[in-house]
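The values are calculated or read from the model by the stated rules, or taken from the named source; none is laboratory data. Just so we're clear, the structure is a prediction, and the values are computed from it rather than from any experiment. Don't worry about glycine lacking a Cβ; one is built from the backbone with ideal geometry, like all the others, and counts go over all protein chains shown. Areas reflect the complete protein model, heavy atoms only, side chains present, ligands, DNA and RNA absent. Shrake-Rupley method; radii C 1.70, N 1.55, O 1.52, S 1.80 Å.
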Amino acid sequence: MGEMGLRERKKQRMYQDVSDIAVRLFLERGFDAVPVAEVAAAAGISKPTLFRYFPAKEDLVLHRIADHETEAARVVAGAADPVGALRRHFLAGLDARDPVTGLNDHPEVLAFHRLLYGTPSLAARAYAHQERSEAALAEALGGDLDARLAAGQIIAVQRVLALENWRRIAAGEPVERVAPDAVRAAERAFGRLAEALPELRSTH
């Protein structure tokens, strides 16, 4: 049956299906205009069941980026040069037009980001997601104060780079025009991180 049992696969499918239904409704009418009960009804489950899967309404949306929460930590695991590994990973994301880098102009991606950043409660939840990502990265880097300081800088750089790309594309610039600037900005930003955090190379 593979690494994941049938029950776990069904659970993950439930998460995905309910989240997709919720996001579709929120995009159509706005996050605040759609009650949780309506999402549950559309998904064919009870409201209590929905809350067992998603403790807060915002979690219905944030599920789409939940798998990125430990991404930076996974990238640096066992890396001799954590900043270099993250730099290569981010540049690969830009090349693949990964939505998490902000360099993606698919209408559904742009609509999702407008929903996320344009809804105060969702933006606040996204910030908490970034804090957990930072904590996971800090733990992967050793867990001490220096690791937490480094993780804070790294996550901030990734966030600012992605937001800059998204803002330009959301304003109407084509991906092809933004992409070269996005690559140069990433190279520059990660270069500065490498200079500011030389201890990471020698200790990991």
Response to the item:
Taking the chain and counting helices only, DSSP H stretches of n ≥ 4 at -39,500 (n - 2.57) each over all residues, the nearest-500 ellipticity at 222 nm comes to -23500 deg cm²/dmol
Item to complete: Quickly rank 190-200, 168-178 as a protection proxy: mean count of other C-beta atoms within 10 Å, highest first.
Response: 190-200, 168-178
Item to complete: Mark the label point 7 Å from the Cα of Glu173 along Cα→Cβ and return the residues of the range 86-121 whose backbone N is within less than 11 Å of it.
Response: none
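Apply the a/c threshold of 1.5 to the C-alpha gyration tensor of the range 86-175 and tell me whether it is rounded, prolate or oblate. Can you show the working numbers first?
Details: a/c = 2.81, a/b = 1.58, b/c = 1.78.
Oblate.
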Worksheet, complete the sentence: Taking a ≥ b ≥ c as the square roots of the eigenvalues of the Cα gyration tensor, with a/c under 1.5 meaning rounded and otherwise prolate when a/b exceeds b/c and oblate if not, the range 164-204 is prolate
Worksheet item: In sequence order, what are the phi-derived ³J(HN,Hα) couplings for the range 67-81 according to the Karplus relation 6.51 cos²θ - 1.76 cosθ + 1.60 with θ = phi - 60°, rounded to whole Hz, with x for glycine and proline?
Response: 5, 7, 4, 10, 4, 4, 4, 5, 5, 8, 4, x, 7, 6, 10
Item to complete: Skip the ligands, DNA and RNA, and give the accessible area per residue of the chain with a 1.4 Å probe, whole Å².
Response: 54 Å²
Worksheet item: Computed FRET efficiency, Cβ-Cβ of Ala42 and Arg7, R0 22 Å: what is it to the nearest 0.05?
Response: 0.40
Worksheet item: By its C-alpha gyration tensor, with a ≥ b ≥ c as the square roots of the eigenvalues, how is the range 73-132 shaped: rounded for a/c under 1.5, else prolate for a/b larger than b/c, else oblate?
Response: oblate
Worksheet item: Label Tyr127 and Glu187 with points 7 Å out from Cα along Cα→Cβ: what is the distance between them in nm?
Response: 3.4 nm
Item to complete: Scan (1) 17.0; (2) 18.5; (3) 19.7 for the value of Kirkwood radius over Cα pairs in Å calculated from this model and give just the label.
Response: (2)
